[in-house]
Amino acid sequence: MTSATAGLRRNQNFTRKKLEFQTGPISIGLMLLGLIILLSLLYLNQITKTSVFNYKISNLQAKQNTLETSKQKLQIEAARVQSLASAKTNASKDGLVKTDAVSFATAR
Amino acid sequence: MQTNFRARWRVYALTVLVVSMWLVALGRLFYVQAIKGQEYSAKAISQQSRKFEIPAHRGLVYINEASGLYPIALNNEVYTLAIDPKFVKDKQKTVNKITEVLRIPEKDINAVLNSSSRYIELSKDISTDQATQLKKMELPGVILQPHASRFYSEGPLFSHVLGYVNDDGKGQYGFEQFSNDDLAGQNGQYNTTTDARGVPINSAENTLVNPKDGKSYVLTLDRGLQAVAAEAIKTAVESNKAESGSIIVMEPSTGAIKAMVNYPDYDPNAFRSVKDYSLFSNKAVSSLFEPGSGFKVLTMAAGLDSGKVTPTTKYDDTGEIVVSGKTIKNAENHKFGIQTMTDVIQKSLNTGVVFVLQQLGTDPKKITPASKQVFYDYLQKFGLGKVTGIEQAGEVSSKVKLSTAYDVDYANMSFGQGISVNSMQLVSAVGVIANKGNLVKPHLIAGEVQNDQVVNPYKTQLVRNVMSAEAAAQTAQIMTQVVEHGSGYLTRMKGYSIAGKTGTAQVPRADGKGYEENKNIGSFIGFAPADDPKFVMFVRVDYPKVEGFAEKTAVPAFATVAKELFRYYQVPPTQ
């Protein structure tokens, strides 16, 4: 027999009282209320985040549209600059003339 | 007792009242939920949701150049300017402000402002810069609505080949119409729940179908050649005081179209200002004509391939030939006596090709059902009697008489009368002679374009072998004599062997009774170099008003473009 078990036997009246949480209707109500508030805050947080992201997406989409419009404009401008009409104007400005005679070299 | 009775009666009455009210409420609930439920539900959904169409981007059209792809049809965002006169507060100020930005006559704006209508469009092609300026002015009653439009970088140069896109976003004429479904793509859709003001709100029920952009294409055309051809046909039409004209250039081995022009043309960027709608159609594919003497090369090709004649086969040209009691004469009543088949093409003898037609049958001295059948079969093999299938809207099928037609009809057909073709079909058929006897499908699409790269390049489609390579070479050799010693002399070039044939065709009267007196169509069909052709070209000048045959009206334009083509294909002179 160990000394510890011997000790227990000597103090036979010893009892350990368990701690118990008692919940009545008020405390349950309060807890539910707290839970609801917590969930509401989480929900609001998510909604706010979603709205922020939506705003960001809208901004990016608007930017994308603007860039696409700019791209279209630049494409048109580039095509206009490279057009034959433009080339003709520039050629006469730069004093370029048409070649009439083309010679072919014979490979030996 | 009486008090109890009254009290009980009141309770009963109250009970009945309450129960009745409940029954009415339940009945109404049943009516709303069960009987009208679906209808109300649909109404609610329609009020709370909206559909937004997301437009697809129309595919672009390019041509391939040494420096890369060059777009000839692009997308452009423009605005429609409209006015609601009811909201215009100061009319004069509105007129002044609009004319500051746009070149619209004041009277046109005033007419709109004084109208009783609520929405009147003033212009449909306001640029984004102009729209921005107008928006800044904050003019009440002035409405600006963006919409997609097309920009054609080369203006009229490709007008007939491309066509245009109308205000509804649909391709009209040419390639835009032919490939409209592929170019347009598919619009997307955003179905969303909205708030009371109709503003979209986030919802799990929102659905998005992304748009599918249209396909972009690169065409086989060459910008430089197109410009040279456009200038040449313009000069030909104007110098001959003609009504119109066309030029087609095709690579015989691949069927790739390098140039296709008509004159007069129009600017597809300003299609709304075109009053004569006939200008829109590509006459190179949509206008039938009787080809005249140019067609003789096909008759001769049939004779040579069938082995019934050779380039040296002789016949006696008496200047006329009688078929079914009707006399067929040579042009200008010429008669040359004993002539070879080479002479027939060189001198363009009607009697000579009727002779070839006679040889095709069982009795070489007359046109027989067998000769008509053989000739008809050759024409079918050359691709006549149907469309070529080139990527152009409005191509009309050629008209070839059946072999059961009268002998005299077939005699006429042998020199290009009483048969109708469009220019593209004639180019395709003569392309057979230039391509060693093989018919290939003419085409404009060189491939698709994705991310600025050409994908799915077009592969040459061999339709069929029509004639032997030897017979094709013989026909080509005969055709060179037209240029060397015949009516094609104006296209003769030192060191180059060009095969060709002129045609001055009569124009049938609209009532079908004979031919117009003072109208003709001058044409020249040819290819070069004759022994290894790089191009087939057809020039057509409609209704010239100056004296002379095709050698004066169409041949010079052929020569101008041919000279440029030799440079383009880097063909050195051989002779």
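The values are calculated or read from the model by the stated rules, or taken from the named source; none is laboratory data. Everything quoted here is computed from the prediction, not taken from an experiment. Every residue, glycine among them, receives a Cβ derived from its backbone with ideal geometry; neighbour counts consider all protein chains shown. These area figures cover heavy atoms from the full protein model, side chains too; ligands, DNA and RNA do not enter into them. Shrake-Rupley method; radii C 1.70, N 1.55, O 1.52, S 1.80 Å.
Residue B:102 falls short on exactly one of the conditions (1) more than 14 Å from chain A (Cβ to nearest Cβ); (2) surrounded by 11 or more Cβ atoms within 10 Å (Cβ to Cβ); (3) in contact (Cβ under 8 Å) with a residue 60 or more places away in the chain, and that condition is (3). Looking at segment B:134-141, is at least one residue open to solvent by less than 50 Å² (accessible area, probe 1.4 Å) and closer than 22 Å to residue A:74 by Cβ? No, every residue in segment B:134-141 fails to be open to solvent by less than 50 Å² (accessible area, probe 1.4 Å) and closer than 22 Å to residue A:74 by Cβ.
For segment B:343-394, filtering for residues that are among the hydrophobic types (A, V, I, L, M, F, W, C) and either open to solvent by 40 Å² or more (accessible area, probe 1.4 Å) or assigned to a loop (DSSP other than H, G, I, E, B) (or both) leaves 9.
Can you pull out the strands (runs of 3 or more DSSP E) entirely within segment B:45-100 that have at least 3 residues that are over 25 Å from residue B:192 (Cβ atoms) and among the hydroxyl-bearing types (Ser, Thr, Tyr)? Steps first, please.
Working: elements: B:49-54, B:61-65, B:68-83.
Those strands (runs of 3 or more DSSP E) span B:68-83.
Would you pick out the residues in segment B:49-99 that are among the acidic types (Asp, Glu), away from chain A (no Cβ under 14 Å) and either open to solvent by less than 20 Å² (accessible area, probe 1.4 Å) or touching a helix residue (DSSP H, G or I) at 6+ places or on another chain (Cβ under 7 Å) (or both)?
Residues of segment B:49-99 among the acidic types (Asp, Glu): B:53, B:65, B:77, B:84, B:90.
Checking the rest, the ones that are also away from chain A (no Cβ under 14 Å) come to B:53, B:84, B:90.
Listed by number, the list holds a single entry, B:84.
When each of B:190, B:164 is tested for being more than 14 Å from chain A (Cβ to nearest Cβ), among the aromatic types (Phe, Trp, Tyr) and more than 22 Å from residue B:430 (Cβ to Cβ), the lone residue that passes is B:164.
If you take the residues of segment B:450-472 that are of a type in the set (D, E, K, R) and free of Cβ contacts under 8 Å to residues at least 24 places away in the same chain, which of them is surrounded by the most Cβ atoms within 10 Å (Cβ to Cβ)? Filtering segment B:450-472 for residues that are of a type in the set (D, E, K, R) and free of Cβ contacts under 8 Å to residues at least 24 places away in the same chain, the one surrounded by the most Cβ atoms within 10 Å (Cβ to Cβ) comes out as B:470.
Confirm whether residue B:116 is in a loop (DSSP other than H, G, I, E, B), out of contact with any helix residue (DSSP H, G or I) (no Cβ under 6 Å at 6 or more places or on another chain) and either buried (at least 18 other Cβ atoms within 10 Å of the Cβ) or away from every other protein chain (no Cβ under 12 Å) (or both).
Working: in a loop (DSSP other than H, G, I, E, B): yes; out of contact with any helix residue (DSSP H, G or I) (no Cβ under 6 Å at 6 or more places or on another chain): yes; either buried (at least 18 other Cβ atoms within 10 Å of the Cβ) or away from every other protein chain (no Cβ under 12 Å) (or both): yes.
So residue B:116 passes the test.
Annotation: residue A:81 fulfils all but one of (1) at the interface with another protein chain (Cβ under 10 Å from one of its Cβ atoms); (2) exposed (fewer than 11 other Cβ atoms within 10 Å of the Cβ); the unmet one is (2).
Checking the condition away from chain B (no Cβ under 14 Å) and either loosely packed, with under 10 Cβ neighbours inside 10 Å or among the hydroxyl-bearing types (Ser, Thr, Tyr) (or both), which residue from A:34, A:29, A:24 passes?
Numbers: A:34 fails: either loosely packed, with under 10 Cβ neighbours inside 10 Å or among the hydroxyl-bearing types (Ser, Thr, Tyr) (or both); A:29 fails: either loosely packed, with under 10 Cβ neighbours inside 10 Å or among the hydroxyl-bearing types (Ser, Thr, Tyr) (or both).
Being away from chain B (no Cβ under 14 Å) and either loosely packed, with under 10 Cβ neighbours inside 10 Å or among the hydroxyl-bearing types (Ser, Thr, Tyr) (or both) holds for just one of A:34, A:29, A:24, which is A:24.
So how many residues does segment B:521-575 have that are away from chain A (no Cβ under 14 Å), hydroxyl-bearing (Ser, Thr, Tyr) and either surrounded by fewer than 21 Cβ atoms within 10 Å (Cβ to Cβ) or within 24 Å of the chain's Cα centre (by Cα) (or both)? Of the residues in that region, 2 qualify. Here is a check on your reading of the model: is residue A:57 over 30 Å from residue B:71 (Cα atoms) and either away from every other protein chain (no Cβ under 14 Å) or surrounded by fewer than 10 Cβ atoms within 10 Å (Cβ to Cβ) (or both)? Criteria not met by residue A:57. Considering only residues in segment B:143-157 that are touching a helix residue (DSSP H, G or I) at 6+ places or on another chain (Cβ under 7 Å) and either under 21 Å from residue B:265 (Cα atoms) or open to solvent by less than 30 Å² (accessible area, probe 1.4 Å) (or both), the one that is farthest from the other protein chains (Cβ to nearest Cβ) turns out to be B:152.
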